[in-house]
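Undergrad: There's a structure below that I have some questions on.
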Amino acid sequence: MAKEEEFKVYNSMTQQKEVFKPHVPGRVAMYVCGVTSYALSHLGHARAAVNFDVLCRYLQHLGYEVTYVRNFTDVDDKIIRRANELGEDPLSLSSRYCQEYIVDMSDLQCLLPTHQPRVSDHMEQIKDMITQIINNDSAYTVDGDVFFAVDKFPNYGRLSGQKLENNRAGERVAVDSRKRNPADFALWKAAKPGEPSWESPWGPGRPGWHIECSAMSAHYLSFKFDIHGGGIDLIFPHHENEIAQSCAACQESRVSYWMHNGHVTNNNEKMSKSLGNFFTIREITQLYHPLALRHFLISAHYRSPLNYTVLQLESSSDAVYYIYQTLQDSEDALSPSQEGSLGPGQKGKTVRVTPAAQECISKLRSEFQSKMSDDLNTAQILTVAFQEALKFINSSLNTLKKKQQKQQQLSVIQSLIEVEKEVKEVLNILGLLSSSTYLEVLQQLKDKALKRAGLVENDVLHLIEERTLARKNKDFPKSDQIRADLTLKGIALMDVGQETIWRPCVPVELEQPAAPVGLEQPAPPVEQVQQEHKTLPVEQKTASTTD
């Protein structure tokens, strides 16, 4: 196992980076708030899922055994409202969208969590926790509803900086006059006609939003666990209320590290369903390869805002194509070399990698370790050393084409193998290494590019023939125009010897001056985040990573 003190994460509770040390050596217990399943998931959901998937993968890389729990909210006001609009059973509707989410996560190469609990399957655990909170004099019942009494929890607001007095007057939502304090929140909601309900000691009803995560995290991980994650919009009220009710149910309740990812923005405005400016994952992956979307989602530090633009997606798609083309070229060159490459008299001899390869591997390994151990700084992983490794592979491939002594050739081959192995290790931890072959991924990327361009491959091949004929006839203006028109649509033509081939590219009309790809966007100060959440109304659920 790598040294634990090398890995630091930003803890939203303490507002600083801390050395990661799990409760149980060698094991990590992690809970991440999932989606409310009433529609197809959007980019905000994708970002949370991908960021915490990278965290899970990196912890496993460090040698930890990870128990990863990500829930589904399948009982909720929004689900009921949508189901009524469609004339569908709420649980049936939510189950359908839970499955759609799982499909999206598979496309994005997110590992399956250890557990994916649904609220509807954990009513007994939820009711038991509410009973414990009532028994500990931290909740009260009113007409079949159960409310948590925030006045019973002196530390309320310690995660978000939210002050109780801010909620006592002037709220922007109607206050239930039955509450002792306007900030009190529902643990159990009395049944209403036409809504799904479950029997309870307080009468038929269903859980409030916050109690579900406390009950399910305690059930699968106990009251003490290592990491609780989610979108930054969940800090208040959801995670604040989780802390209060979990501690009320068990005084020993404790989460060691609270981790929150930033918003996805559209034209620098938060992307969410409630604002109507969101894109579903499915809408994006119809036009872009899921690997390109994943690359885009990790192109900024997880705590920073991530601004969605078509240019960013195109750039990520282009970057993924370059990676896979390099890997494919290497595979093509090495496949005949690896079989019987030692030859007579070579067996048993040590083939050493070149000093340049050793330096390349050392630099990539060091940079990867330093960036990932510094609060998962994925924004700078695929830049300097990684790009140098790709350039080394391409340079070595050119060297292999030249005549050289057998031992030198074997050294270049071994160097290629070792550098490629390091590149693939980085890609695997970032979730960018597909189970498909390199050729399959390249073809998929080309198919998506054709779809965005409104073309089929025969159209491109026909234009290549027209251009070849124009060049033969010395009609260079026409030849140049064909090439320029295709480049505008994201199709690049390349002359290789006597042959012209094509590959996807960033459409010229989208290119504009920008910061270097992969440059980290600075994470906003936590004080700024907390100030934003101080203005949230009581019991209002923001729409980003869960709605």
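Undergrad: How much length is gained if the chain between residue 402 and residue 436 is pulled fully straight, taking 0.36 nm per residue apart and subtracting their Cα-Cα distance, in nm to one decimal?
TA: The residue 402-residue 436 span can extend by a further 9.1 nm.
Undergrad: Taking the Cα atoms only, what angle lies between the long axis of helix 310-338 and the longest principal axis of the chain, rounded to 10 degrees?
TA: So the inclination is approximately 50 degrees.
Undergrad: Using bins 5 angstrom wide from zero, how does P(r) for the range 454-504 break down, in % of all Cα pairs?
TA: P(r) over the range 454-504, rounded to whole percents: 5, 20, 35, 27, 10, 2.
Undergrad: Check cross-link reach from residue 406 to the lysines: straight Cα distance under 21 Å, and skip same-chain residues fewer than eight apart.
TA: Once the sequence-local lysines are set aside, what remains near residue 406 is 347, 349.
Undergrad: When a/c reaches 1.5 or more, the comparison of a/b and b/c decides; with that in mind, is the chain rounded, prolate or oblate per its Cα gyration tensor?
TA: prolate
Undergrad: Taking a ≥ b ≥ c as the square roots of the Cα gyration tensor eigenvalues, with a/c under 1.5 meaning rounded and otherwise prolate when a/b beats b/c, else oblate, which class fits the range 5-159? Mind dumping the intermediate values first?
TA: Working: a/c = 2.14, a/b = 1.14, b/c = 1.88.
It is oblate, given that a/c is not under 1.5 and a/b is not larger than b/c.
Undergrad: Run down the aspartates and glutamates and flag those whose C-alpha is under 16 Å from the C-alpha of residue 21, throwing out any fewer than 8 positions away in its chain.
TA: Here the aspartates and glutamates satisfying the reach criterion relative to residue 21 are 4, 5, 6, 65, 226, 374, 375.
Undergrad: Then there is this: Can you give the angle from 0 to 90° between the axis of helix 438-453 and the longest principal axis of the chain, with both taken from C-alpha atoms, to the nearest 10?
TA: Roughly 80 degrees, rounded to the nearest 10.
Undergrad: Before rounding to the nearest 500, sum -39500 (n - 2.57) across all DSSP H runs of length at least 4 in the chain and divide by the residue total; then give [θ] at 222 nm in deg cm²/dmol. Show your work: numbers first, answer last.
TA: Details: 16 runs with 236 residues, N = 547.
Rounded to the nearest 500, the figure is -14000 deg cm²/dmol.
Undergrad: Does anyone have the angle between helix 406-429 and the longest principal axis of the chain? Alpha-carbon axes, 0 to 90°, nearest 10?
TA: In the chain, helix 406-429 runs at an angle near 20 degrees to the longest axis.
Undergrad: Specify the inter-centroid distance of the range 478-504 and the range 128-155, based on alpha-carbon positions, in whole Å.
TA: So the separation of the two Cα centres works out to 68 Å.
Undergrad: List, in the order given, every pair from 17/78; 371/489; 270/448; 78/189 whose Cα-Cα distance in the structure shown is over 25 Å.
TA: Numbers: 17/78 36 Å; 371/489 36 Å; 270/448 27 Å; 78/189 14 Å.
Checking Cα-Cα distances, 17/78; 371/489; 270/448 exceed 25 Å.
Undergrad: State in Å² the accessible area per residue of the chain; use a 1.4 Å probe, count heavy atoms of protein chains only, and round to the nearest integer.
TA: Working: 24250 Å² over 547 residues.
I get 44 Å² per residue for the chain.
Undergrad: Hey, another quick one. Counting only protein heavy atoms and a 1.4 Å probe, tell me what percentage of the chain's accessible area is made up of carbon and sulfur.
TA: Summing carbon and sulfur atoms, their accessible area is 49 percent of the total for the chain.
Undergrad: With charges only on Cβ, +1 for K and R and -1 for D and E, what is the dipole size of the range 375-517 about its Cα centre, in debye, rounded to 20? Mind showing how you got there, number by number?
TA: Working: 19 positive and 19 negative charges, 110 e Å.
The calculated dipole for the range 375-517 is roughly 520 debye.
Undergrad: If each of residue 60 and residue 275 carries a label point 7 Å out from its Cα toward its Cβ, how far apart are those two points in nm?
TA: 3.3 nm
Undergrad: Measuring from label point to label point, each 7 Å out along Cα→Cβ, what is the residue 443 to residue 128 span in nm?
TA: Calculated label separation equals 5.2 nm.
Undergrad: Taking 0.36 nm per residue of separation and subtracting the Cα-Cα distance, what length does fully extending residue 476 through residue 307 add? Show your work: numbers first, answer last.
TA: Values: separation 169, 0.36 × 169 = 60.84 nm, distance 4.06 nm.
Length difference between fully extended and current span is 56.8 nm.
Undergrad: Sticking with this structure for a sec: With each pseudo-label sitting 7 Å past Cα toward Cβ, what's the residue 95-residue 484 distance in nm, one decimal?
TA: 5.9 nm
Undergrad: Where does the longest stretch of the chain lie that holds no trypsin sites (Lys or Arg not before Pro) found in a DSSP loop with 10 or fewer other Cβ atoms within 10 Å? Don't jump to the answer; show the numbers that get you there.
TA: On the way: sites that count: 3, 172, 347, 349, 401, 402, 403, 474.
By the stated rule (loop sites, at most 10 other Cβ atoms within 10 Å), 173-346.
The values are calculated or read from the model by the stated rules, or taken from the named source; none is laboratory data. This is a predicted model, so every value here is computed, not measured. Please note: Cβ atoms are built from the backbone with ideal geometry, for glycine as well, and neighbour counts cover all protein chains shown. Ligands, DNA and RNA are stripped out before the accessible areas are found, and what is left, the full protein with its side chains, is counted by its heavy atoms. Shrake-Rupley method; radii C 1.70, N 1.55, O 1.52, S 1.80 Å.
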